[in-house]
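Peer 1: One structure is given below, represented as structure tokens, and several questions about it will come after.
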Amino acid sequence: MTINYDAYEIVIGLEVHAQLLTRTKLFCGDSAAFGGEPNTHVSPITLGLPGSLPRLNGKAVEFAIKMGLTCHCEIERNNYFARKNYFYPDLPKGYQTSQHTTPVCKGGWVRIRTTAGERDIRLNRIHLEEDAGKSIHDVIPDATAIDLNRAGVPLIEIVTEPDLRSGDEAYAYLTELRKTLRYLDICDGNMEEGSMRCDANISVRLKGETRLGTKVEVKNLNSIRNVRRAIEIESRRLIELVATGQTVQQQTRSFDAAEGTTFALRTKEEANDYRYFTDPDLPPFQVTDAFLESIKASIPPLPEQLVQKYTRELQLPEYDARVICDDRDSAAYFEQLITHTTNYKAAANWLLGPVRSGLNEKSMDWKDLPVRPESLARLIRLVEEGGLSFSIAAERIFPVLMSEPHRDALEIATALNLIQSSDTSEIAAWIEQALAGMPDKVSEYKKGKKGLIGLFVGEVKKLSKGKADPKLTNQLLLEKLEN
Amino acid sequence: MAIEQQQPLNAYIRVYSKEALAKARLLDQQRKEGKPMGKLHGVVIGLKDVIAYKDHPLTAASHILQDYVSIYNATAVDKMLAEEAILIGHLNCDEFAMGSSNENSAYGKVLNARCNSRVPGGSSGGSAVAVQAGLCMVSLGSDTGGSVRQPADFCGILGLKPTYGRVSRYGLIAYASSFDQIGIFAHTIGDVALLLEVIAGVDEFDSTVKKEKAPVWKEAPDQKYRIAYFKEALDHPGLDPEIREAILTRTEQWRQAGHTIEAIDFELLGYIVPAYYVLTTAEASSNLARFDGVRYGYRTKDKDLELTEFYKRTRSEGFGREVKRRILLGTFVLSAGYYDAYFTKAQQVRQLLVERTNLIFKNFDIIILPTAPTTAWRIGEKMDDPIAMYLADIYTVYANLTGIPGISIPLFGHTNGMPFGVQAMTSHFNEVSLLQFSHQMMQQ
Amino acid sequence: MEVNDALIDNLSNLARLEFNASEKESIKKDLEKMIHFVEKLGELDTTGVEPLLHMSPEINVLREDIPQGSVSREAALSCAPVTDGQYFEVPKVIRK
């Protein structure tokens, strides 16, 4: 039987857990840094020792609210934590302390852009909770190894409404979410390392149907691409079930990236009764107007705002603006760069061209770019004023700045004898030399082949080893040849 | 040494005699050298086996913590050590502080020093007997539903439960987090006050501690108090008539001496023990989830167990019967389908109790109640019926439900040869008043 | 209410406890008495009363994001029932 996949609508909700970039854990002063030797970021609180008690990290609260404000959420003024009770070896207290029942941020939305246009994906909530430790199954034979470094690291859980309709939309949403988290500097959004994790809730229904179909939770998605893949694969499986009259079991499934399949982990019957109750060890925290204002003030300009600014105020093409703003660090660099130069188009070209290539060559991140914005601005000005050609600057000077960033562009150009000559007599001499070397081309030019001027300019450039200012060369050549 | 002689009482689980002697010698030396002395210089203090003392074992009188050694100090311990106290040992108690007779310990029962065939009370039975029998000068216990006040009453000494939030719970093995407080046993109000001054106060490790300095009591001239007691409490059919008589007679003497005494209605009396057991067992079921044999404590010797079985075997082998009963009840009241009827209901009753109590203290300074309905019962007498034991808590759980401070003052002797006292309570964080009142009442 | 085997089984599972046949009978009776005892709360009318959630006298107890209080791995593993010096060990967690 042929299945008409197009008759069905895929309904997706995403739950993202983002590890916060605080120095310490949510409820104690152990380091929250990634990695570390096993069981070295631990204290009586992390270990769940008898008599230990939690103390809430104010920075984590700030970060959660920052994300909430950025995503247009309503901020809860009276906040509590609850205990989610279950047993697992990487859960030291036998309960997770979480705001699951009383989230600090409610509602809100994230705007995504796909080939189909722009859409707002509604959020259900954002709340704080602590991470569990790690269970490692293959490092000790016949046992599972437990590392508690990660236990207690602060997380925010960001939950969407079931508004997404395709793998592509999920991809766009996660990309935008990740970008925002990085812009706010509250999470580094690294799915491969696990600092950002995603579970997908997927269901299908006939187009036009308003009731939701039975949903399936898919876990073990370790990249944004794999989220899209898993959605595409799982939605096909669900459509096939429904179209052939079978029931969809509400269950949790795991994505096998290698096989390109999902398999069942546990069914609803085994779902846990978490017996949530308000944690008596943590007094409520109230979000005051003053606290909200200070957090608002700390939110940096966000991608959309910057794109607007670059296109409207700086007259940059939208494409350029978007690429620059795609990465928080490239935008931050550009922001600084334009305080040192008003040649915005040149600045953008440099970032999108030679700088990006230079970073890629050295496998560097934008935040590690050694060339200071003032330094790059001076290089741009040199080219602007005619002292250097763009290609020389990009191919010869910039690489030196990358490896020796303390040096000055002019100093490097002078040392390498690259400063372009604006000396008309010097250029005239090269012109003479060049034209003398190709008399037949000269006569062709004079007969009407005006395009050959480029050849002559090129030859002068070669003879002068790039030092001849191209504009001036062109000008002088024309003068000479037209006479 | 006195402790060895009195070993049959079984008050101590572990005695740190060598280090205590060494510390005593060191302190003597320092004193001779003219060094300034800490507030507790040379005072010998016992700790209930639920209070963490770094590099010393800590078992909560349970098999599930056998071989556990604490790697940190409770804040109260840090504070006492800073004032040069000598911590002599860990004292016996009911397992995980769950009990009213110290008959639930994995280390055996404790005997009342006044009469060895009777219970000392619980759960801090060992802490009470140690002070009663002179095996230490003062001791610390913990009070969740009366576990300091009731044994003090049974042993004829003072037992104070501070206001909830007065003393840091960091390092106190949690039974019920919104009820637990470290409490003090002593013979005189002066000693109680001194200990409180040292162990109470601000602590960065406990989020529920009041951000206020420890209260300081100094003997003051006699004051007159407005005292209330609950009619239903004194009229309760379970209350021993001798105890009732003694209290009523004494309150009449207080009236003669110029204090105001009034019997007030307290219709909620019958609900406080059920509310207490719903809420404390719920919190305990969660607090005791960490005892799973993974990171510390007892682990089952059985091999080849699947993970869930591993947990069940370890915990069932490690926990005693009363603890398991309470964990099950706590799990029940929190479970889906019963949560609202039991847990939420009990939280609402607690709210009513707090409101009622605030109203009472608008017109009165002190609330008086018996500490316990009877004197110390015979060992084994109440072991078969959990409910009979729970009802014995009827007068003490009130202070834990509402958070107010309470003290048992040893004033009387029963014709059966056992001591008993009266319980006094004040409004939140008013320990100074409570100690002053107690001191006055003990002078008569 | 009646306390039956199904209830005990569910609660024991949630609490990770197990009972043999005779223990189960005994605990059933105990639990029934205890539940009956606390059922008395149902008699009280608490309509409109806010459940009391915190006994703590303070609110807004937040700490600075400063590292402190960590212990060494040796200390952390010192009471571990089974360890290889780096990790806590538990029976292999079976995954389907």
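The values are calculated or read from the model by the stated rules, or taken from the named source; none is laboratory data. Bear in mind that the values here come from a model prediction, so they are computed numbers and not experimental data. Virtual Cβ from ideal backbone geometry, glycine too; neighbours counted across all protein chains shown.
Peer 1: Among the residues that make up the range A:190-205, is at least one of them more than 23 Å from A:Ile233 (Cα to Cα), part of a loop (DSSP other than H, G, I, E, B), modelled with pLDDT under 95 and in contact with a Ser or Thr (Cβ under 8 Å, 6 or more places away or on another chain)?
Peer 2: The answer is no, given that none of the residues of the range A:190-205 is more than 23 Å from A:Ile233 (Cα to Cα), part of a loop (DSSP other than H, G, I, E, B), modelled with pLDDT under 95 and in contact with a Ser or Thr (Cβ under 8 Å, 6 or more places away or on another chain).
Peer 1: Follow-up question, since we're still on this one. So which of A:Lys471, A:Lys462 is of a type in the set (Lys, Arg), under 22 Å from A:Glu395 (Cα atoms) and modelled with pLDDT under 85? If you could, list the steps in order and put the result at the bottom.
Peer 2: Details: A:Lys462 fails: modelled with pLDDT under 85.
Matching residue, one of A:Lys471, A:Lys462: A:Lys471.
Peer 1: What residue, of A:Ile136, A:Ile186, is touching a residue at least 40 places away in the same chain (Cβ under 8 Å) and of a type in the set (A, V, I, L, M)?
Peer 2: Being touching a residue at least 40 places away in the same chain (Cβ under 8 Å) and of a type in the set (A, V, I, L, M) holds for just one of A:Ile136, A:Ile186, which is A:Ile186.
Peer 1: Related question: Among the listed residues A:Leu282, A:Leu314, A:Leu292, which satisfies the condition of being buried (at least 19 other Cβ atoms within 10 Å of the Cβ) and touching a residue at least 24 places away in the same chain (Cβ under 8 Å)?
Peer 2: Numbers: A:Leu314 fails: buried (at least 19 other Cβ atoms within 10 Å of the Cβ); A:Leu292 fails: buried (at least 19 other Cβ atoms within 10 Å of the Cβ).
Every option except A:Leu282 fails the conditions.
Rundown of residues vs (1) hydrophobic (A, V, I, L, M, F, W, C); (2) within 14 Å of chain C (Cβ to nearest Cβ), yes/no style:
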position: A:Gly117; (1), (2): no, no
position: A:Leu123; (1), (2): yes, no
position: A:Asp131; (1), (2): no, no
position: A:Asp138; (1), (2): no, yes
position: A:Pro141; (1), (2): no, yes
position: A:Ala145; (1), (2): yes, yes
position: A:Asn149; (1), (2): no, yes
position: A:Glu157; (1), (2): no, no
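Peer 1: Kindly indicate whether B:Ala61 is at pLDDT 95 or above and in a helix (DSSP H, G or I). Working first, answer last.
Peer 2: Working: at pLDDT 95 or above: yes; in a helix (DSSP H, G or I): no.
For B:Ala61, the condition - at pLDDT 95 or above and in a helix (DSSP H, G or I) - is not met.
Peer 1: OK, next. Answer yes if at least one residue in the range B:89-105 is of a type in the set (Ser, Thr, Tyr), more than 20 Å from B:Val273 (Cβ to Cβ) and in a loop (DSSP other than H, G, I, E, B), and no otherwise.
Peer 2: Initially, the range B:89-105 is screened for residues of a type in the set (Ser, Thr, Tyr), giving B:100-101, B:105.
Among the residues that remain, those that are also more than 20 Å from B:Val273 (Cβ to Cβ) are: B:105.
Next, from what is left, pick out any that are in a loop (DSSP other than H, G, I, E, B): B:105.
Checked the range B:89-105: at least one residue is of a type in the set (Ser, Thr, Tyr), more than 20 Å from B:Val273 (Cβ to Cβ) and in a loop (DSSP other than H, G, I, E, B).
Peer 1: Regarding B:Lys54, is this residue out of contact with any strand residue (DSSP E or B) (no Cβ under 8 Å at 6 or more places or on another chain), part of a loop (DSSP other than H, G, I, E, B), surrounded by fewer than 19 Cβ atoms within 10 Å (Cβ to Cβ) and within 14 Å of chain C (Cβ to nearest Cβ)?
Peer 2: Working: out of contact with any strand residue (DSSP E or B) (no Cβ under 8 Å at 6 or more places or on another chain): yes; part of a loop (DSSP other than H, G, I, E, B): yes; surrounded by fewer than 19 Cβ atoms within 10 Å (Cβ to Cβ): yes; within 14 Å of chain C (Cβ to nearest Cβ): yes.
Spelling it out, B:Lys54 is indeed out of contact with any strand residue (DSSP E or B) (no Cβ under 8 Å at 6 or more places or on another chain), part of a loop (DSSP other than H, G, I, E, B), surrounded by fewer than 19 Cβ atoms within 10 Å (Cβ to Cβ) and within 14 Å of chain C (Cβ to nearest Cβ).
Peer 1: Could you name every one of the strands (runs of 3 or more DSSP E) located completely within the range A:114-164 that has at least 1 residues being more than 30 Å from B:Phe310 (Cα to Cα)?
Peer 2: Working: elements: A:117-130, A:134-136, A:143-147, A:154-160.
The qualifying strands (runs of 3 or more DSSP E) are A:117-130, A:154-160.
Peer 1: Okay, moving on. Scan the range C:41-77 for residues that are over 19 Å from B:Thr402 (Cβ atoms), at the interface with another protein chain (Cβ under 7 Å from one of its Cβ atoms) and in a helix (DSSP H, G or I) and report the count.
Peer 2: Count: 5.
Peer 1: In the list B:Ser123, B:Ser127, B:Ser147, which residue meets the criterion of being at pLDDT 95 or above, within 13 Å of the chain's Cα centre (by Cα) and outside any loop (DSSP other than H, G, I, E, B)?
Peer 2: Of B:Ser123, B:Ser127, B:Ser147, the one residue that is at pLDDT 95 or above, within 13 Å of the chain's Cα centre (by Cα) and outside any loop (DSSP other than H, G, I, E, B) is B:Ser127.
Peer 1: Moving to a separate point now. What are the residues in the range B:331-348 that are crowded, with 24+ Cβ neighbours inside 10 Å, more than 7 Å from chain C (Cβ to nearest Cβ) and either among the β-branched types (Val, Ile, Thr) or out of contact with any helix residue (DSSP H, G or I) (no Cβ under 7 Å at 6 or more places or on another chain) (or both), if any?
Peer 2: Result: B:Val333, single match.
Peer 1: Would you confirm whether any residue within the range A:304-320 is within 21 Å of the chain's Cα centre (by Cα), closer than 22 Å to A:Thr70 by Cα, not polar (S, T, N, Q) and not in a helix (DSSP H, G or I)?
Peer 2: Taking every residue of the range A:304-320 in turn, none turns out to be within 21 Å of the chain's Cα centre (by Cα), closer than 22 Å to A:Thr70 by Cα, not polar (S, T, N, Q) and not in a helix (DSSP H, G or I).
Peer 1: From A:Asp147, A:Asp142, A:Asp131, grab the single residue that is assigned by TED's automatic domain parsing to the domain that holds A:Leu14 and surrounded by fewer than 19 Cβ atoms within 10 Å (Cβ to Cβ). Show your work before the answer.
Peer 2: Details: A:Asp147 fails: surrounded by fewer than 19 Cβ atoms within 10 Å (Cβ to Cβ); A:Asp131 fails: surrounded by fewer than 19 Cβ atoms within 10 Å (Cβ to Cβ).
Within the list A:Asp147, A:Asp142, A:Asp131, the selection yields A:Asp142.
Peer 1: Could you tell me whether the range B:75-82 includes any residue that is in a loop (DSSP other than H, G, I, E, B) and either buried (at least 24 other Cβ atoms within 10 Å of the Cβ) or not basic (Lys, Arg) (or both)? First the steps, then the outcome.
Peer 2: Step one: of the range B:75-82, the residues in a loop (DSSP other than H, G, I, E, B) are none.
Checked against the condition, which is being in a loop (DSSP other than H, G, I, E, B) and either buried (at least 24 other Cβ atoms within 10 Å of the Cβ) or not basic (Lys, Arg) (or both), the range B:75-82 yields no hits at all.
Peer 1: Restricting to the range B:272-331, name every residue that is assigned to a loop (DSSP other than H, G, I, E, B), touching a Pro at 6+ places or on another chain (Cβ under 9 Å) and not hydroxyl-bearing (Ser, Thr, Tyr).
Peer 2: Restricting attention to the range B:272-331, the residues satisfying the condition of being assigned to a loop (DSSP other than H, G, I, E, B) are B:291-306, B:319-320.
Add one more test, that the residue is touching a Pro at 6+ places or on another chain (Cβ under 9 Å), and what stays is B:291-299, B:303-306.
Those that are assigned to a loop (DSSP other than H, G, I, E, B), touching a Pro at 6+ places or on another chain (Cβ under 9 Å) and not hydroxyl-bearing (Ser, Thr, Tyr): B:Phe291, B:Asp292, B:Gly293, B:Val294, B:Arg295, B:Gly297, B:Arg299, B:Lys303, B:Asp304, B:Leu305, B:Glu306.
A quick yes/no check of all residues on (1) part of a strand (DSSP E or B); (2) not β-branched (Val, Ile, Thr):
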position: A:Val11; (1), (2): yes, no
position: A:Thr22; (1), (2): no, no
position: A:Phe34; (1), (2): no, yes
position: A:Glu37; (1), (2): no, yes
position: A:Gly51; (1), (2): no, yes
position: A:Ala60; (1), (2): no, yes
position: A:Tyr88; (1), (2): no, yes
position: A:Leu91; (1), (2): no, yes
position: A:Thr97; (1), (2): yes, no
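Peer 1: I've got another one for you. Filter the range B:217-234 for residues that are surrounded by 14 or more Cβ atoms within 10 Å (Cβ to Cβ), assigned to a strand (DSSP E or B) and not hydroxyl-bearing (Ser, Thr, Tyr) and give the result.
Peer 2: B:Ile227, B:Ala228, B:Phe230
Peer 1: Check B:Thr402, B:Thr344, B:Thr396, B:Thr371 and return the single one that is free of Cβ contacts under 8 Å to residues at least 40 places away in the same chain and under 30 Å from B:Ser285 (Cα atoms). Outline the logic, then answer.
Peer 2: Details: B:Thr402 fails: free of Cβ contacts under 8 Å to residues at least 40 places away in the same chain; B:Thr396 fails: free of Cβ contacts under 8 Å to residues at least 40 places away in the same chain; B:Thr371 fails: free of Cβ contacts under 8 Å to residues at least 40 places away in the same chain.
Testing whether each residue is free of Cβ contacts under 8 Å to residues at least 40 places away in the same chain and under 30 Å from B:Ser285 (Cα atoms) leaves just B:Thr344.
Peer 1: I'd like the full set of residues that are more than 8 Å from chain A (Cβ to nearest Cβ) and either buried (at least 24 other Cβ atoms within 10 Å of the Cβ) or closer than 25 Å to C:Leu53 by Cα (or both), limited to the range B:294-307. Don't jump to the end; show me each part of the working.
Peer 2: Let us first name the residues in the range B:294-307 that are more than 8 Å from chain A (Cβ to nearest Cβ), namely B:297-306.
Passing the criteria: only B:Gly297.
Peer 1: Go through the range A:155-192 residue by residue and tally those that are over 17 Å from the mean Cα position of the chain (by Cα) and under 25 Å from C:Val93 (Cα atoms).
Peer 2: Selection size over the range A:155-192: 1.
Peer 1: Filter the range B:380-407 for residues that are touching a Leu at 6+ places or on another chain (Cβ under 7 Å) and in a strand (DSSP E or B) and give the result.
Peer 2: B:Ile407
Peer 1: Return the total of residues in the range B:172-216 being in contact with an Asp or Glu (Cβ under 7 Å, 6 or more places away or on another chain), buried (at least 24 other Cβ atoms within 10 Å of the Cβ) and farther than 30 Å from A:Asp30 by Cα.
Peer 2: 2
Peer 1: Could you check, for the range B:412-420, whether at least one of its residues is among the hydroxyl-bearing types (Ser, Thr, Tyr) and surrounded by fewer than 18 Cβ atoms within 10 Å (Cβ to Cβ)?
Peer 2: Going through the range B:412-420, the residues among the hydroxyl-bearing types (Ser, Thr, Tyr) turn out to be B:415.
When the remaining residues are screened for being surrounded by fewer than 18 Cβ atoms within 10 Å (Cβ to Cβ), the result is B:415.
Within the range B:412-420, one or more residues are among the hydroxyl-bearing types (Ser, Thr, Tyr) and surrounded by fewer than 18 Cβ atoms within 10 Å (Cβ to Cβ).
Peer 1: If you don't mind, another one. Kindly indicate whether A:Phe87 is within 25 Å of the chain's Cα centre (by Cα) and of a type in the set (Phe, Trp, Tyr). Steps first, answer last, please.
Peer 2: Values: within 25 Å of the chain's Cα centre (by Cα): no; of a type in the set (Phe, Trp, Tyr): yes.
It is false that A:Phe87 is within 25 Å of the chain's Cα centre (by Cα) and of a type in the set (Phe, Trp, Tyr).
Peer 1: Additional query: Tell me, yes or no, whether the range B:235-257 has at least one residue that is more than 14 Å from every other protein chain (Cβ to nearest Cβ), in a strand (DSSP E or B) and touching a strand residue (DSSP E or B) at 6+ places or on another chain (Cβ under 8 Å).
Peer 2: No, the conditions are met nowhere in the range B:235-257.
Peer 1: Pull up the range B:237-278, narrow it to residues that are of a type in the set (S, T, N, Q) and in contact with a Phe, Trp or Tyr (Cβ under 9 Å, 6 or more places away or on another chain), then point me to the one that is farthest from B:Asp143 (Cα to Cα).
Peer 2: Kept after step one, since they are of a type in the set (S, T, N, Q), are these residues of the range B:237-278: B:249, B:251, B:253, B:256, B:260.
Checking the rest, the ones that are also in contact with a Phe, Trp or Tyr (Cβ under 9 Å, 6 or more places away or on another chain) come to B:251, B:260.
On the way: B:Thr251: 26, B:Thr260: 29 Å.
Once the filter is applied, the top-ranked residue is B:Thr260.
Peer 1: Failed condition for C:Val90, given (1) of a type in the set (A, V, I, L, M, F, W, C); (2) facing chain B (nearest Cβ under 7 Å); (3) touching a strand residue (DSSP E or B) at 6+ places or on another chain (Cβ under 7 Å); (4) under 30 Å from B:Pro274 (Cβ atoms), with all others met?
Peer 2: Here C:Val90 meets the rest and fails (4).
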